[in-house]
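Just so it is clear, none of the values below were taken in a lab; they were calculated from the coordinates. Fair warning: this is a prediction, and the values are worked out from it, not measured in the lab. Backbone-built Cβ (ideal geometry, glycine too); neighbour counts: all protein chains shown.
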Amino acid sequence: MPRPPIPEGKRGEAHASIDKERQATGKKDYWRGICRYRLTGERKPRTAQAYRTSEAKAKRDAAEAADKALKTRKPEYGQKYSSKTTVLELCLSWYERECNTPDGNRGQSIAAFYTEIVKRPGGKKGTVKIEGSELGKMAIGEVRTSHVERHLDPIRHMSEKAYRQRLILVEAFALAARDDAITGNPARESETIERGHKDEPRPFTPEETQRFWEIEAKYFELSPTADKRFMDITRLTYDLLGRPGEALAVIWEDVDLEAGTVAVTGTVVQVGADGKRKVWRQPMPKEDESVRTVKVSAESLAMLKRRWLAVGKPTTGLVFPNKLGNPISATMFRETWVRVLKGTELDWATPKALRKTGMTRISEKYGDKAAQQQGGHAIGSRVTRKHYVPTVRETADFTDALYA
């Protein structure tokens, strides 16, 4: 009669028999106890054994050895995870993997994901994170799609937050599925989160662009103690069609004064991989396509030469360091931007207006491909039209054909 199968995470009954070889050699512990057990995530059972001086002791200790193995040993088929791994443990493991994967998420992205997994000390009460949630406490083998839906439902109105948490869960459960800890991905079948609709991009008009430079110059003329580097940063940001963090991250190794070019090779981010505030230069921009070399205007080139001479013709280091030699934070840049435009007709604009304006002007003259090349977008990317360059809709005028 075949032995009954042992369920995952369980053991069978212990048995004992005399080991005749040990008995023949005169050893007193010739009773051999064995107990079969099966780790969660494994297909075949294992065997625990114990040699003792009596049948009862051999059976007892073999059973205890099997119980201990079930609690402490990791399965071979699921080398890292088992169906008893909690959702929080799985998500933290996914996060650690992303941090250590060269082609994984960029620093600012992975930090944003971390803040959706772990609760911050002193954070707002009632904020939905994976840590502390009912879903986070569940064993992954028990999770069904309905559990994921119940977790996401209270935050669906916060589309970006819900989008991130669903993405974390989908990718984390995929890790467990590839490790044979679970047979499917319950998060993948959950309802897709649509990210919030954004208004049509609003760049500066040519007149507003000129007005911006005038407002900026007047502000610093009337504020002698204000940091005039802001004007240099905005000019370079406009030429690069850059994100503010990209201009702040330019180093002298990126600048070719003879050729009049600047390479975009990094960005300044304000969070570390642990989700805590930390201003640092990330040695890569937001996307791979964002690495580019741009011919800058005569004004920006003159500014760079002036700064280069003023600091002793350096060959390395940040072009715009703070007093300690560290990167200027994008937050400080935005705060200055708000002060410059406060109370003016352009106070609706954010620092992204420079990038939108530059991409729109180039697109109008040379097409989207040229704007994408200088702005660091993938050629053909829909992001250009969705977020930076407004769509021009021509008026249909073929009425004459209707009444011909």
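Here region 190-309 is treated with +1 on each Lys and Arg Cβ and -1 on each Asp and Glu Cβ, and its dipole about the Cα centre works out to around 500 debye. For the chain, the percent of C-alpha pairs falling in each 20 Å distance bin, counted from 0 to the bin holding the largest distance, reads 20, 38, 24, 12, 5, 0. Distances between placed amide hydrogens fall under 5 Å for Thr267 paired with Gln282, Met284, all partners being 5 or more residues away or on another chain. Here's the picture: charge each Lys and Arg Cβ at +1 and each Asp and Glu Cβ at -1 in region 10-72, and of Ser54, Gly26, His15 the one pushed furthest to the positive end of that dipole is His15. Using θ = phi - 60° in the Karplus curve 6.51 cos²θ - 1.76 cosθ + 1.60, the 3J(HN,Hα) couplings for region 68-73 round to 5, 5, 4, 7, 10, 7 Hz; x is entered for Gly and Pro.
Rounded to the nearest Hz, the phi-derived 3J(HN,Hα) couplings of region 169-182 under the Karplus curve 6.51 cos²θ - 1.76 cosθ + 1.60 (θ = phi - 60°) are 5, 4, 6, 5, 5, 5, 4, 5, 5, 5, 8, 6, 7, 9, where x marks glycine and proline. Between Lys286, Lys218, Lys119, the Gaussian network model of the chain with springs among Cα atoms under 10 angstrom shows the greatest mean-square fluctuation at Lys218. Between the listed residues Ala330, Tyr366, Leu304, the Cα displaced farthest toward the positive end of the dipole of region 206-388, a dipole computed from Cβ unit charges relative to the Cα centre, is found at Ala330. Taking amide H positions as modeled 1.01 Å from N, with prolines and chain starts lacking one, the residues under 5 Å from Val294 and 5 or more places away or on another chain are Val262, Ala263, Val264. Its Cα centre serving as origin, region 87-178 has a Cβ charge dipole (Lys and Arg +1, Asp and Glu -1) of approximately 320 debye. For region 87-178, rounded, prolate or oblate, judged on the Cα gyration tensor with a ≥ b ≥ c (square roots of eigenvalues), a/c < 1.5 rounded, else prolate if a/b > b/c? Judged from the Cα gyration tensor, region 87-178 comes out oblate (a/c at least 1.5, b/c at or above a/b). A cut-off of 5 Å between modelled amide H atoms, ignoring neighbours fewer than 5 places along the same chain, links Ile251 with Val319. Among Val392, Leu248, Ala176, which residue has its Cα positioned farthest towards the positive end of the charge dipole of the chain, with +1 placed on the Cβ of Lys and Arg, -1 on the Cβ of Asp and Glu, and the dipole taken about the Cα centre? The residue sitting most towards the positive pole is Ala176. Per DSSP H run of at least 4 residues, take -39500 (n - 2.57); add these up for the chain, divide by its residues and hand me the 222 nm value, nearest 500 deg cm²/dmol. My calculation for the chain gives -12500 deg cm²/dmol from helical runs alone.
Using Cβ contacts closer than 10 Å as the measure, can you line up Arg166, Arg36 from fewest to most? Don't skip to the end; give the middle numbers.
Details: Arg166 23, Arg36 19.
Going from sparsest to densest Cβ surroundings: Arg36, Arg166.
Each of Trp337, Trp252, Trp31 has some number of other Cβ atoms within 10 Å of its Cβ, and from fewest to most they run Trp252, Trp337, Trp31.
Efficiency by 1/(1 + (r/R0)^6): what FRET value for Tyr366 and Lys124, r their Cβ-Cβ distance, R0 = 35 Å, to the nearest 0.05?
That gives a FRET efficiency of 0.15.
Taking θ as phi - 60° and the Karplus parameters 6.51, -1.76 and 1.60, the scalar couplings of region 215-222 work out to 4, 4, 4, 5, 4, 6, 5, 8 Hz in sequence order, x denoting glycine and proline. Comparing mean-square fluctuations of Ile34, Ile117, Ile193 from a GNM of the chain with C-alpha springs under 10 Å, the top value falls on Ile34.
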